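These notes concern the structure reproduced below.
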Amino acid sequence: MFDFQGFGPQIAYGAWMTIQVAFGGLLIGLVFGLLGAGAKLSPYAFLRGIGQSYTTVVRGIPEILIVLLVYFGGEDILNRIGDQLGYDGYIEINVFAAGITALGVSFGAYATEVFRGAIQSVPRGQIEAAIACGMQSHQIFWRITLPQAMRLALPGLGNLFQCLLKDTSLVSLISLPELMRNSGIAIANTKEPFTFYFIAALIYLTITSVVLLGQIYAEKWANKGVQRANS
Amino acid sequence: MKKIAIALAAVIGLGVSMANAADKLRIGTEGAYPPFNGIDKEGKAFGFDVDIANALCAEMKAECEIVAPLEWDSIIIGLNKKKYDAIVASMSITEERKKAVAFTDPYYSNNLTMVAKKGANIDPNNLKGKSVGAQRATISANYVTDNMKDVDAKLYDTQENAYLDLASGRVEVLVSDKLPAYDWLRSEQGAGFEFIGDAIDVNDKIGIAVRKKDDDLRMKLNAALKAIVANGTYEKINAKYFPFSIF
Amino acid sequence: MNWEEIFIALPKLWDGALVTMELVLISCLIGFVIAVPVALMRASNNWWVSNVPLIYTFFFRGTPLLVQLFLFYYGAAQFDAVRDSMFWPIFKEAYVCALVVFALNTGAYTAEIFRGAIQTVPHGEIEAGIAIGMTKPTLYRRIVLPRAIRMALPAYGNEIILMLKSSALAYTITLLDLTGVTRTIIARNYLAIEMYFAAGVIYLLLTFVFIQVWMRIEKRLMRFQA
């Protein structure tokens, strides 16, 4: 249907890189989201302040600026820490790490709110029951709160992951060779912008659709126990 | 909590490397500026700049790695952040850039020029109200913003995108380095276009940028450059791209 | 941090911020006009009426804005037919392209938000409307839409903020919005962190002001509930 003019492998590699960036960003973003939610629900005002500033700042500035700031500013911070710890070499962040960290930081700010909502809606009685059984607080978190919060958070996280998938195109602007970037290279050689950006659009549509189906399946799976209890 | 912290560090750690000064020489190039530098179907960098860089490395008996593609408008920042050790990317030696980086001796010479559609009858001395394109962060862009106050200036992230808009008629005049434009005019897309007016900046020298502190590397590159010009390697590379000397 | 350079750059950054605000305002207005009929169609019980606009929302919500922008700006110019058409003088302007793509993009997201809201309008209210003999247009004008738009307000506000942030991509097609100005300045002074930081603070201010204004609007429109 399309003439890739020899750029097929590059486009395929770019698409694969896009998927890797998305899942890398998701992994880091989930951690940031959990930490953020933990901070916001913390009994210490100081931690709540950090959580609040994190979500306000990150949700208020464009993702592309976060990507650029992490790419250019991240190393400065790491090297300052390195100096403090007495390491005198140079710490370098490659584009992939910068890209997934930036996308993760952004995802995490939104995920913080999703997790917070989910954790808060775990019935208080269950936690009291766990305390009554003599569980320690970290046990309660890992065994009672988190598994249930995850189920409640799933729809929200799915939507955020859809946004993350689309935001991966932004890391092309720090020259990470993902789908968008490699489409640009193909266009530079073939002078056919419509053909290659259209192919890229179709690939993105395919990826987002597959993830959407996966999301529906995952939600069904996570809600299995609940439905059984209802019937 | 500790487990999460370790996992996070591990994931980010995949991409964080502790670079030592004694590692191989990393040479950055843009990869969107044919015939000087571009990216091919295999994702490899090619072009005059890349050939020169490889010849210099062979001459210095150094192990080199070409880092490409890079965003042009942040290429100097990347050098100073030690993402690579030298830039061989057709960079003009300018006073402005010398504040941020050091340059080797020039490895080729260039002019600025204007390109427009054949028969468009554009007076290069009166561009008032015309749309004029140039690549951001180049001497062409500086020329447009400093000397053409009454035009509709459009700045592009890559020269390739500027060509696309010149070909589509979105910009009427492109201010560009002469040599890549010369190459583009010979391509299928550029066939209907021509140079207009006289060359603008006739004393544009292209050099290799290194960090200011790396004087040692700069000296080595200068010596290697002299050597490849003397032993004919440079001439061979030049002939591959242009039928006249560009040194 | 080089504060002096930041202060020197501020007037230019502010000019860029004005372009950003203008882009967001106009594209959100056009997006709203697109979103209302699309949402009504999407909420219809007729399969055809509800699924034809799905192609539009599916495409614009399923692909990155950057691809849409490049596809419309650089892609469309690949065809002689487009360049020879009567629309070219308008469509060749980067500003118009950005507005069209942004409006179509935000229109698609907004339509889905409104559809969700329309479908949650309580049945009782619609039945009551029918019972007192309202025609369908009156029913929609007086009951469904006012109710749905109020319910959609928080989500719609978020969508406008997302649009404000996405508008930063306008620089990739030569527009000098806040990000475009920032990059142009960095190209000459190499102070990437300082300038991106300054731009970030301005974006943050814009979102902050917008949230305050939006909360007032919400409060006013929801005053009957107080």
A student applying the Cα gyration tensor rule (rounded when a/c is under 1.5; otherwise prolate if a/b is larger than b/c, oblate if not) would label segment C:105-226 prolate
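Averaged across C:174-183, how many Cβ atoms of other chains sit within 10 Å of each residue's Cβ atom?
Numbers: counts 13, 2, 3, 0, 2, 4, 2, 0, 2, 9.
Mean partner shielding for this stretch: 4.
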Placing each pseudo-label 7 Å from Cα in the direction of the beta carbon, A:LEU41 and B:LYS205 end up separated by a distance in nanometres of 6.6 nm
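Cα-Cα pairs above 31 Å in chain C: how many percent? Write down the numbers at each step before the final one.
On the way: 8907 of 25425 pairs.
That tail contains 35 percent of the Cα-Cα pairs.
Over the whole of C:160-167, what's the average partner chain Cβ count within 10 Å per residue? Rounded to a whole number, please. Kindly include the intermediate steps, with their values, before the conclusion.
Values: counts 0, 2, 4, 0, 3, 9, 6, 1.
Counting Cβ atoms of other protein chains within 10 Å of each residue's Cβ and averaging gives 3.
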The simple spin-label model distance between C:VAL49 and B:LEU185, using points 7 Å out along Cα→Cβ, in nm, is 6.2 nm
For chain C, the longest principal axis of the Cα atoms and the Cα long axis of helix C:192-221 enclose an angle in degrees, to the nearest 10, of 20 degrees
Env charge @ C:ALA108, Cβ radius under 15 Å, K,R +1 / D,E -1, value +2
Per residue, accessible area of segment B:112-196 with a 1.4 Å probe, heavy atoms of protein chains only, in Å², comes to 37 Å²
Across C:SER50, C:SER85, C:SER166, the residue with the highest GNM fluctuation in chain C (Cα network, 10 Å cutoff) is C:SER85
Relative contact order as a percentage, segment C:3-225, C-alpha pairs under 8 Å and 6+ apart, gives 31 percent
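Per residue, how big is the convex hull around the C-alpha atoms of chain B? Give it to me in cubic angstrom, could you? Before the final figure, lay out each step's value.
Working: hull volume 40.9 nm³, N = 247.
Enclosed volume per residue, from the Cα hull, is 165 Å³.
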With no solvent term and unit scatterers on the alpha-carbon positions of segment B:112-196, Debye gives log₁₀ I(q)/I(0) at q = 0.11, 0.13, 0.14, 0.20 Å⁻¹ of -0.23, -0.33, -0.38, -0.82
Between the alpha carbon centres of segment B:95-142 and segment A:56-105 the gap in Å comes to 34 Å
Magnitude of the Cβ-charge dipole (Lys and Arg +1, Asp and Glu -1) of segment B:33-145 about the Cα centre, nearest 20 debye, reported as 540 debye
With no solvent term and unit scatterers on the alpha-carbon positions of the protein assembly as shown, Debye gives log₁₀ I(q)/I(0) at q = 0.11 Å⁻¹ of -1.24
The answer for B:PHE193, listing residues at least 5 apart or on another chain whose modeled amide H is closer than 5 Å to its amide H, is B:LYS118
Looking only at lysines whose Cα falls under 21 Å of A:LYS166's and that sit 8 or more positions away or on another chain, we get C:LYS165
Rounded to the nearest 10, the angle in degrees between the Cα long axis of helix A:179-190 and the longest principal axis of the Cα atoms of chain A comes to 10 degrees
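Sort largest first and round to whole Å: the equivalent ellipsoid semi-axes of segment A:143-188, each the square root of five times a Cα gyration tensor eigenvalue.
Details: eigenvalues 254, 17, 8 Å².
The answer is 36, 9, 6 Å, longest axis first.
Which whole-number percent of Cα pairs in segment C:1-117 have a distance greater than 23 Å? Each step should come with its number before you reach the end.
Working: 3154 of 6786 pairs.
Value for segment C:1-117: 46 percent of Cα pairs lie more than 23 Å apart.
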Partner shielding of A:33-45, as the mean number of partner chain Cβ atoms within 10 Å, equals 1
Placing one equal point scatterer on each C-alpha of segment B:144-183 and summing with Debye, one gets log10 I(q)/I(0) at q = 0.18, 0.22, 0.27 Å⁻¹ equal to -0.52, -0.76, -1.07
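Determine how many Å³ per residue the convex hull of the Cα atoms of chain A encloses.
Convex hull volume per residue, Cα atoms: 161 Å³.
Please report the carbon-and-sulfur percent of the accessible area for chain B; probe 1.4 Å, protein heavy atoms only, DNA, RNA and ligands left out.
Details: 5570 of 10780 Å².
Answer for chain B: carbon and sulfur cover 52 percent of the accessible area.
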Those GluC sites (Glu not before Pro) from segment B:163-209 that are DSSP loop and have at most 14 other Cβ neighbours within 10 Å turn out to be B:GLU188
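Let me know the shape class of segment C:59-149, please: from the alpha-carbon gyration tensor, a ≥ b ≥ c as square roots of the eigenvalues, rounded when a/c is under 1.5, otherwise prolate if a/b is greater than b/c, or oblate.
Working: a/c = 4.51, a/b = 2.69, b/c = 1.68.
It comes out prolate by the Cα gyration axes.
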With +1 on the Cβ of every Lys and Arg and -1 on the Cβ of every Asp and Glu, the dipole magnitude of segment B:112-196 about its Cα centre, in debye rounded to the nearest 20, is 140 debye
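Rounded to a whole number, what is D in µm²/s for segment B:174-234 from Stokes-Einstein with the Kirkwood radius over alpha-carbon pairs (25 °C, 0.890 mPa s)? If you can, show how the numbers build up before the last one.
Numbers: Rh = 14.8 Å.
In µm²/s, the coefficient rounds to 165.
Please give the calculated 222 nm ellipticity per residue for the protein assembly as shown, where each DSSP H segment of at least 4 residues contributes -39500 (n - 2.57) and the sum is spread over every residue; nearest 500 deg cm²/dmol? Intermediate results must be reported in sequence, preceding the final value.
Numbers: 29 runs with 438 residues, N = 704.
Mean residue ellipticity at 222 nm (helix-derived): -20500 deg cm²/dmol.
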When the charge dipole of segment A:17-177 is computed with +1 at the Cβ of Lys and Arg and -1 at the Cβ of Asp and Glu, the Cα pointing farthest to the positive end, of A:THR18, A:GLN126, A:ALA39, is that of A:GLN126
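Treating the beta-carbon of each Lys and Arg as +1 and of each Asp and Glu as -1, no other charges, what is the dipole magnitude of segment A:17-177 about its Cα centre, to the nearest 20 debye?
Here segment A:17-177 has a charge dipole of around 740 debye.
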In degrees rounded to 10, the 0-90 angle between helix A:146-167 Cα long axis and the longest Cα principal axis of chain A is 20 degrees
Using alpha-carbon coordinates alone, the radius of gyration and Dmax of segment A:97-231 in Å work out to 20.5, 70
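Share of antiparallel DSSP beta bridges in the protein assembly as shown, in percent to the nearest 5?
Numbers: 25 of 38 bridges.
Approximately 65 percent, going by the DSSP bridge assignments.
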B:LYS213 and A:GLN139 label points (each 7 Å along its Cα→Cβ direction) are spaced in nm at 5.3 nm
As straight-line cross-link partners of B:LYS236, the qualifying lysines (C-alpha separation under 23 Å, not fewer than 8 residues apart within one chain) are B:LYS44, B:LYS61, B:LYS178, B:LYS205, B:LYS220, B:LYS226
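The values are calculated or read from the model by the stated rules, or taken from the named source; none is laboratory data. As the structure is a prediction and not an experimental result, all values here were calculated from the model. Methodologically, a virtual Cβ is constructed for each residue, glycine included, from the backbone with ideal geometry; neighbour enumeration extends over all protein chains shown. Note: accessible area is taken over every heavy atom of the protein model, side chains too, but ligands, DNA and RNA are not part of it. Shrake-Rupley method; radii C 1.70, N 1.55, O 1.52, S 1.80 Å.
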